[in-house]
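Take a look at the structure below.
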Amino acid sequence: MKVLATTRLPGPAWDELADVELVEGDWPESLSRPRPGVEALVVTNETVDSAVLELLPDLRLVANFAVGYDRIDVAACAARGVAVTNTPGVLDAATAELAVGLMLAARRRIAEGDRLVRDGRWSTRWAEGPFLGRQLGGATLGLVGMGRTGSAVAGRAAALGMRVLFNRRRDTADPARRSLDDLLREADVVSLHVPLTPETEGLLSRGRLRLLRDGATLVNTSRGAVVDEDALVDELVAGRISAGLDVFVHEPRVPERLLGLPNVVLTPHLGSATVETRAAMARIVVDNILAAERGERLLTEVIRPER
Ligand code: 8YV
C-alpha cells in the first residue's frame with residue numbers, strides 16, 4: 001500500500017511500512033499536485049478536507065497520529081469511502097503527567113523560578129518578594145471532561161492530596177460532579193480534558209473565565225480553541241489568574257502578549273511527547289495501515305464509512 005506521510009513517525013514500527021513518501025514543508029500547501037496511487041495518508045492532526053481528498057483520488061485510509069481528529073473532515077472522508085483512524089488509549093498517562101506538571105509549574109512557580117536563577121536575579125534579600133507559590137495538596141481540582149485522560153489526571157491529583165471535582169455531560173450520581181459553571185467557581189485549579197468539537201469550541205468563554213476564582217490556575221492540554229484565547233490572555237495580562245498552556249488556537253503561534261508574563265507556563269504541545277507514548281501511537285498507526293493492506297478490520301476506526 002503506498003503511504004504518504006507528513007512526518008516520519010518515531011519508534012521501530014514505522015520501518016514495517018514498505019512504500020512511504022514523506023511530504024516536506026507546510027501542509028496542505030506541500031501537497032501541491034494530485035497523487036494517484038496513494039492509498040494511505042498519515043497525518044499528525046493536520047488538515048484533511050475535501051481539497052486534500054481531491055488530490056488523493058485512490059485514498060482508502062487516513063491514519064491520524066493523534067487521538068484528536070478535529071482537523072480531519074470525517075464526513076468528507078466518509079462520503080468518499082475513506083476510513084479514518086486515530087490513536088486512543090495510549091496517550092492518557094503521558095497527557096495526564098503533563099497536565100499535573102503544568103499545575104505544579106504554574107502553582108509552584110517553577111518556570112518563573114528557573115528564569116530568575118538563570119537571569120542572576122536570585123538574591124538572599126529577596127528583592128522581588130518572598131517568591132511564594134500555592135501547593136496542590138489541599139487544593140480543589142476541577143476537571144472539565146472525565147474521559148480517559150481526565151480520569152488519569154484525577155488519580156494522580158488525588159495522590160497529591162487534591163480534592164477532585166469534575167464536569168461531564170453524561171449524567172451520574174457521583175457527588176463530585178458539578179455543572180461547568182459551579183466547577184469553575186469552586187476549583188483552585190481547572191484542567192481541560194475534552195476533545196475539540198462544535199459543542200466544545202469556545203466552551204470557556206469570556207463570561208465563564210470570569211467565574212474562575214482570583215488566583216485560580218487554568219491548565220489546557222486539550223485544544224486551544226476550547227477556550228476563548230483572547231479572553232484568557234486578557235485575564236492573564238490582568239494577573240487575576242495563572243495558567244499552564246500546552247495548546248493554542250493557531251499553533252505553533254503563541255499570542256505575543258503571553259510571552260513576557262510571569263503567571264503563565266508555556267509548552268509546545270507536548271501532551272503525548274514521551275518516547276513510550278509516541279512509539280505506541282506509531283504502532284497503532286502502522287497496524288491500521290497493515291490491516292487495511294490485508295483487508296482486515298481496522299483497529300481504531302473513528303468512523304465506519306459506507307463501503
Ligand atoms: C498529538 C494530540 O501527538 O493526540 C492528540 O490529539 O494532541 C497530540 O498528543 C499531536 O497532535 C501530534 O500528532
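The values are calculated or read from the model by the stated rules, or taken from the named source; none is laboratory data. This structure is a prediction, so every number in the text was calculated from the model and none was measured. Here the Cβ is made from the backbone with ideal geometry for all residues, glycine too, and neighbour counts use every protein chain on show. Ligands, DNA and RNA are stripped out before the accessible areas are found, and what is left, the full protein with its side chains, is counted by its heavy atoms. Shrake-Rupley method; radii C 1.70, N 1.55, O 1.52, S 1.80 Å.
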Of (1) more than 26 Å from Asp181 (Cβ to Cβ); (2) more than 16 Å from the ligand (Cβ to nearest atom); (3) of a type in the set (D, E, K, R), Arg71 satisfies every one except (2)
Just to be sure before I move on: is Val48 closer than 27 Å to Val194 by Cα, open to solvent by less than 60 Å² (accessible area, probe 1.4 Å) and within 16 Å of the ligand (Cβ to nearest atom) in the structure I sent? yes
So Gly120 passes all but one of these: (1) open to solvent by less than 70 Å² (accessible area, probe 1.4 Å); (2) at pLDDT 95 or above. Which condition number does it fail? (2)
Of all residues in the stretch 208-224 being part of a helix (DSSP H, G or I) and open to solvent by 20 Å² or more (accessible area, probe 1.4 Å), the one that is nearest to Val249 (Cα to Cα): Arg208
Which residues, taken from the stretch 16-27, are within 21 Å of Ala279 (Cβ to Cβ) and surrounded by 11 or more Cβ atoms within 10 Å (Cβ to Cβ)? Glu16, Leu17, Val20, Leu22
Among the residues in the stretch 123-142, are any among the acidic types (Asp, Glu), away from the ligand (no atom under 16 Å from the Cβ) and assigned by TED's automatic domain parsing to the domain that holds Asp214? yes
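Here's the yes/no breakdown for (1) in contact with a helix residue (DSSP H, G or I) (Cβ under 9 Å, 6 or more places away or on another chain); (2) modelled with pLDDT of 95 or more; (3) farther than 30 Å from Leu9 by Cα:
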| residue | (1), (2), (3) |
| --- | --- |
| Arg71 | no, yes, no |
| Gly89 | yes, yes, no |
| Asp92 | yes, yes, no |
| Leu102 | no, yes, no |
| Arg108 | no, yes, yes |
| Thr124 | no, no, yes |
| Ala127 | no, no, yes |
| Thr140 | yes, yes, yes |
| Gly147 | yes, yes, no |
If I ask for residues that are within 16 Å of the ligand (Cβ to nearest atom) and open to solvent by 20 Å² or more (accessible area, probe 1.4 Å), which ones from the stretch 190-199 would you list? His193, Val194, Pro195, Leu196, Thr197
Name the residue that is farthest from the ligand (Cβ to nearest atom), counting only residues in the stretch 205-223 that are free of Cβ contacts under 8 Å to residues at least 40 places away in the same chain and closer than 21 Å to Ala154 by Cα. Arg213
Residue check for Gly113: over 23 Å from the mean Cα position of the chain (by Cα), assigned by TED's automatic domain parsing to the domain that holds Arg240 and part of a loop (DSSP other than H, G, I, E, B): no
Hits in the stretch 260-279 (condition: over 13 Å from the mean Cα position of the chain (by Cα) and within 11 Å of the ligand (Cβ to nearest atom)): Thr274, Thr277, Arg278
Matching option when the condition is among the hydrophobic types (A, V, I, L, M, F, W, C), closer than 27 Å to Arg156 by Cβ and open to solvent by 20 Å² or more (accessible area, probe 1.4 Å), among Ala99, Ala94, Ala79, Ala111: Ala111
Filtering the stretch 141-185 down to residues that are open to solvent by less than 40 Å² (accessible area, probe 1.4 Å) and in a helix (DSSP H, G or I) yields Thr149, Gly150, Ala152, Val153, Ala154, Ala157, Leu180, Leu183, Leu184
How many residues, within the stretch 65-94, are polar (S, T, N, Q) and either over 15 Å from Asp287 (Cα atoms) or out of contact with any strand residue (DSSP E or B) (no Cβ under 6 Å at 6 or more places or on another chain) (or both)? 1
